[in-house]
Each structure stands twice: as structure tokens, then as C-alpha cells.
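Engineer: Dumping the structure here so I can ask a few things about it.
The values are calculated or read from the model by the stated rules, or taken from the named source; none is laboratory data. Every value quoted in this text rests on a predicted model; they were computed, and no experiment measured them. FYI the Cβ positions are ideal-geometry reconstructions off the backbone, even for glycines, and counts take in every protein chain you see.
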Amino acid sequence: MEILKKHFLICQYFILFIGLFILFPLQAQEARFTVVLDAGHGGHDPGAMSANSREKDINLAIVLDLGAIIEQKFKDVKVVYTRKTDRYLTLQERADIVNEHHADLFICIHTNASTSSAAYGAETFTLGLAKTRANLDVAMRENSVILLEQDYRTKYKGFDPKSVDSYIMFEFMQDKYIDKSVEFSSIIQKQFVSYCKRSDRGVRQAGFWVLHRSACPSVLVEVGFISNPAEERYLTSDQGQKEMATGVFNAFVDYKRSHDKKSGRQSSSVSKIEQTVEEHHRNAPEETIQQKPYGDTVTKRNKLETVILTHGKSSRTPVFKVQLFASPKKVNPKSPEFKGLTNADCYVEAGLNKYTIGEDSDYTRIDKIRREVAHKFPKAFIIAFIGEKKITAREALKLTK
């Protein structure tokens, strides 16, 4: 009898040991920070469209780039994708994925559109009542995917994405995740400006169903306007997609560090990805314009002519210019688009017509011109030439010391 009792106790201890052996890794896995990445639209829902591109493709490319960076840099983060291929999911299915994985953060990637081709810039939304008609229009457009479903009124509890009255519900909604959502949104917008060099449309609130149904801090990012030809070119390029993904990643690094600190966890040693000045001048989407360019006289050249130096400087002295924008097509010098600027010029590089104003060997005077046109051309930056050779502004400054 004693032998049987000992045998029984040994079996119990063995089972307990095996259970703990299995449980601890599972608990460690569950303790990992989980981020859900959502590429908006997909399948038979293309999202916003232009003659050359579809929103669903831009969204997916950026999400895959973003997820790859997070997976590579963070070993303590679990990345979940609502979709990794061109497939359709309902808004509720996307929210269900967030909740089933007990996500710590939800990031939706979308591409904006407008009836005006002049609209530009990136913005990030959190859940809330739309305080402007523009915010409401964005929410209505993104929520309209509901209309592709049968019996959507029943599935979405009477919510009608086309009715303004349906959005009143968000005025009385208490979202316990709003503070963290706004915090993350603000960090994203800062990175879009500092890293991606995009125009900042700010942090906004609106009634997005997918954010409403997700039980964690959640943001919906509109990376730019597919209806703006220049932004469309940028967002459909590998460079543009990687830069936007990196901008969101950098924001995630800051947010995760703050989250760890508040949770009493050891902060991650992962650093943000930085660009040098030279890399920015070489890689920044120079052709991206945020508004139609203005000016009144443009001298076009098929080849950059010898630069005329000011103040009697030698031909080896760098000359600075302000580059406004670039275009694959030539712009008519008499076009009303150039109204308001004088002494505009053009040179051709890599198949693009690049338009500049100003020409001076004094960097300070050129920088003053850049600041004067910044309200119209927020992406304008300074370039330099030695003779016909283009160099970076930093290289030119070194030569003038």
C-alpha cells in the first residue's frame, strides 16, 4: 500500500512538473507585446483609386514593410497581420482579430483621397466625434466598406455609414484607450515630418467602426492622397512605401519604450532608424509637391547650363538654389500655376524636370528664400552646384568654410 502511495505521489509531481514546463513558455509568450497591423481594404474592395493605382495595394505594401522591420528589430513583440495578401475582410473581422489576440496596439494603414488633386499630406486618426466635415468625410469613406456586406444594418447594430445621425453615437462614447491612442498618433505625425519629410495634417478624431470595436489603443493612418499625382507617385514607389513604414516604426519604438516604462518592464534597447542629411537629399521624394506650384517665369533647358555666379565668385564656388518640386512632364512657363514667383528655373536630372528659384553663393540668403516660399512649398529644400555638377547643401557648406 505504501508503495502505491509513493508511486501515486511521484506521478502527481511528474504531472505537475510537466504542466509547469508547458505553462511557463506559454505565459512568457502571452506576455509578449502584441501589435496588430491592418492593411485597409483588399480583395473586391479596392479602396480609393486613381487611373494608375489602388489604395489596397499601397496599404498592403506599407504594412508588410512595417511588419518586417518590427519583426527584425523586436524579439519581444508579436506581429499579427489582418491580411498579408490581397483578400477581403469585413471591418468586424478585422476588429475580431485584434480582440482575439488581446492586442496591445492596433495600427490601420489607409490612403486618403479627395475630389481636389491639390489636397496633400499625412494624418492620423483616433476614435472620437468628427469635429469637422472633412474628418467626417474620411470616416464615412472608410466605413462605407460595410455597404459591401449583406444585411449590414443588422450586423452593425443599425449603424449606417452614409448617415450623419449614425455618428452621433461617438459623441457620448467613453474610450478608455483614447489617451494612449492620441499619444501614439502624435508620435507618428512627428516622425512623418522629421523622418519622411511629409506635410503634417495633424492628429484628428472621427467615428471609425474598426477602431470602435477594437479593445486596445488604436490608430488609423492616412499616409497621403492617391488623388494628388505627386503623392501618388511617392506612395506607389518602393522608396516612398519603405519611408512611410519606417516613419511608423520609429513612432512604434518611442511608444513601446514608454509602454514598457509605465508597465514596469525593462525598456527595449531598439533604436529608431535615422537618416543622414546626405541620405535625405539623395532619397527624399523631390517630385512630391503638396500644392500646385506657383511662379511666373520659367526658363527651360534640356541640359543644365553653366551657373552664373554672384558677387564675382570663381567657378569653383558653390551656388545654392531652392528646389521647389520635380515633374516628369514639362510645365508651361506661361501656366497660371507659376503665378507669384519670379526667377524660376529648371534643370533635368534622372528624367525629371526639377524647378528651382534663387541663385546665390550665400547660403543665408537662399535659406531666407526657402522660408519665404515654405507656406506654398513645404517640401522645398536647398541644393547646390559647382559649375554643372550638383552636390548636397552640406557638401557645399564645407567648401565655403
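Engineer: Among the residues of the stretch 322-332, is there at least one that is modelled with pLDDT under 70, in the same structural domain as Lys389 (by TED's automatic domain parsing), of a type in the set (D, E, K, R) and outside any strand (DSSP E or B)?
Structural biologist: The answer is no; no qualifying residue exists.
Engineer: Something else: Having 2 or more residues that are crowded, with 19+ Cβ neighbours inside 10 Å is the bar; report the helices (runs of 4 or more DSSP H) wholly within the stretch 96-207 that clear it.
Structural biologist: Hits in the stretch 96-207: 133-143, 178-194.
Engineer: Among (1) modelled with pLDDT under 90; (2) in contact with a helix residue (DSSP H, G or I) (Cβ under 8 Å, 6 or more places away or on another chain); (3) among the charged types (D, E, K, R), which single condition is Glu123 missing?
Structural biologist: Condition not satisfied by Glu123: (1).
Engineer: Sticking with this one: Output the residue which, of all residues in the stretch 362-401 that are under 18 Å from Leu324 (Cα atoms) and of a type in the set (S, T, N, Q), is nearest to the chain's Cα centre (by Cα).
Structural biologist: Thr392
Engineer: Also, quick follow-up: What pairs come out if I take residues in the stretch 143-167 that are farther than 18 Å from Ala95 by Cα and pair them with residues that are modelled with pLDDT of 85 or more and of a type in the set (Asp, Glu) whose C-beta lies under 9 Å away, six or more apart or interchain?
Structural biologist: Ser166/Asp160
Engineer: Any idea how many residues of the stretch 360-401 are crowded, with 16+ Cβ neighbours inside 10 Å, in a loop (DSSP other than H, G, I, E, B) and touching a His at 6+ places or on another chain (Cβ under 8 Å)?
Structural biologist: Qualifying residue count, the stretch 360-401: 2.
Engineer: Another question about this same structure. Restricting attention to the stretch 55-89, and to residues there that are in contact with an Asp or Glu (Cβ under 6 Å, 6 or more places away or on another chain) and either farther than 24 Å from Asp254 by Cβ or in a loop (DSSP other than H, G, I, E, B) (or both), which single residue is modelled with the lowest pLDDT?
Structural biologist: Only one residue tops the list, namely Tyr88.
Engineer: Please list, ordered by first then second residue, the pairs with beta carbon atoms under 8 Å, 6 or more apart or interchain, first in the stretch 352-371 and assigned by TED's automatic domain parsing to the domain that holds Gln323, second at pLDDT 85 or above and assigned to a loop (DSSP other than H, G, I, E, B).
Structural biologist: Close Cβ pairs (under 8 Å, with a partner that is at pLDDT 85 or above and assigned to a loop (DSSP other than H, G, I, E, B)) amount to Ser361/Pro318.
Engineer: Now for a different question. Which helices (runs of 4 or more DSSP H) sit wholly inside the stretch 214-297 and have at least 2 residues that are at pLDDT 90 or above and of a type outside the set (S, T, N, Q)?
Structural biologist: On the way: elements: 229-235, 238-263, 277-283.
Per the criteria, 229-235, 238-263.
Engineer: Same structure, new question: For the stretch 128-144, which positions are in contact with a Gly (Cβ under 8 Å, 6 or more places away or on another chain) and either within 15 Å of Glu55 (Cβ to Cβ) or modelled with pLDDT of 90 or more (or both)?
Structural biologist: Of everything in the stretch 128-144, those that are in contact with a Gly (Cβ under 8 Å, 6 or more places away or on another chain) and either within 15 Å of Glu55 (Cβ to Cβ) or modelled with pLDDT of 90 or more (or both) turn out to be Glu142, Asn143.
Engineer: In the same structural domain as Arg204 (by TED's automatic domain parsing), among the basic types (Lys, Arg) and under 22 Å from the mean Cα position of the chain (by Cα), is that true of Arg141?
Structural biologist: When the stated conditions are applied, Arg141 passes them.
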